[in-house]
Amino acid sequence: MNEICENPPLIRDYHMIVFPGGFSYADYLGSALVLARRIQATFYDELKQHVEKKRPIIGICNGFQVLAQLGFFPIAFDQNDGGHFINTWVGLEKNKETCLVFGKDIPDYFELPIRHGEGKVVFFNEKTFDKKQIVFTYTNNPNGSACNSAGICDTSGVVFGMMPHPEAMHRYEMHPAGGANKKEKLPLGTVIFEKGIEYARSL
């Protein structure tokens, strides 16, 4: 991160950028706010050029909040409806009409963990929000997100953010069902990154 802030053109060497989950700068002043402001002050222009080249960007949990703070989606985040941190597995359904550029290659159903206290998606204007930007919805909305939204992309379909953690399902044994859940060639978390990389390399 420090290297990129000091030399923003480094981004040009990469097929795909991933902003991971976590609590960047301890979420000081608000979820992902400090990191988003640092990006705006250093390599935001390079990030925009990355998008213009149709190279994908993925944000996970706190990374999703970063992308929202940067203005890639017309949404904000609020505290979970239950008022507390959630750490559990959830079912996710893919929106078959999604405009995510590599969405068609992702299976229709996922199970991944969520780990957040401020994960409720709020649309700035639900009437004008393009529902094709919704990539995944919760089967049982755990946080009160609008339209059950668990993952959203920008209008270009290149920038994608999700609250559940796909990196937490890169081995079948990480799922509560363990190795019995081997229905796909790849663990369902890994496939998101694999399909994103395949798309980026095809450009």
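The values are calculated or read from the model by the stated rules, or taken from the named source; none is laboratory data. This one's a predicted model, so the numbers in the text were calculated from it and none came from an experiment. Virtual Cβ from ideal backbone geometry, glycine too; neighbours counted across all protein chains shown.
Report yes if D81 is more than 18 Å from N2 (Cβ to Cβ), more than 13 Å from the chain's Cα centre (by Cα) and at pLDDT 95 or above, otherwise no. Yes. All of G83, G119, G63, G91 fail the test of being closer than 23 Å to F23 by Cα and surrounded by fewer than 22 Cβ atoms within 10 Å (Cβ to Cβ), apart from G83. Within the range 41-53, is even one residue in contact (Cβ under 8 Å) with a residue 40 or more places away in the chain and in a strand (DSSP E or B)? No, every residue in the range 41-53 fails to be in contact (Cβ under 8 Å) with a residue 40 or more places away in the chain and in a strand (DSSP E or B). Take the conditions (1) among the β-branched types (V, I, T); (2) in a helix (DSSP H, G or I); (3) touching a strand residue (DSSP E or B) at 6+ places or on another chain (Cβ under 7 Å); T98 misses just one of them, which is (2). Considering only the range 124-135, I want to know if a residue exists there that is crowded, with 20+ Cβ neighbours inside 10 Å, within 28 Å of E52 (Cβ to Cβ) and not β-branched (V, I, T). Checked the range 124-135: at least one residue is crowded, with 20+ Cβ neighbours inside 10 Å, within 28 Å of E52 (Cβ to Cβ) and not β-branched (V, I, T).
Residues are listed down the side, and each one gets a yes or a no for (1) assigned to a helix (DSSP H, G or I); (2) in contact with a Pro (Cβ under 8 Å, 6 or more places away or on another chain); (3) modelled with pLDDT of 90 or more:
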{"residue": "R115", "(1), (2), (3)": "no, no, yes"}
{"residue": "K127", "(1), (2), (3)": "no, no, yes"}
{"residue": "T137", "(1), (2), (3)": "no, no, yes"}
{"residue": "G157", "(1), (2), (3)": "no, no, yes"}
{"residue": "T190", "(1), (2), (3)": "yes, yes, no"}
{"residue": "Y199", "(1), (2), (3)": "yes, yes, yes"}
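Scanning the range 136-151 for residues that are more than 19 Å from P176 (Cβ to Cβ), crowded, with 18+ Cβ neighbours inside 10 Å and among the small types (G, A, S) turns up S145, S149, G151.
Residue under question is E93, and the condition is that it be modelled with pLDDT under 95, among the charged types (D, E, K, R), outside any helix (DSSP H, G or I) and in contact with a strand residue (DSSP E or B) (Cβ under 6 Å, 6 or more places away or on another chain); does it hold? When the stated conditions are applied, E93 does not pass them.
When the range 20-35 is limited to residues that are assigned to a helix (DSSP H, G or I) and touching a Leu at 6+ places or on another chain (Cβ under 9 Å), the one that is modelled with the highest pLDDT turns out to be S24.
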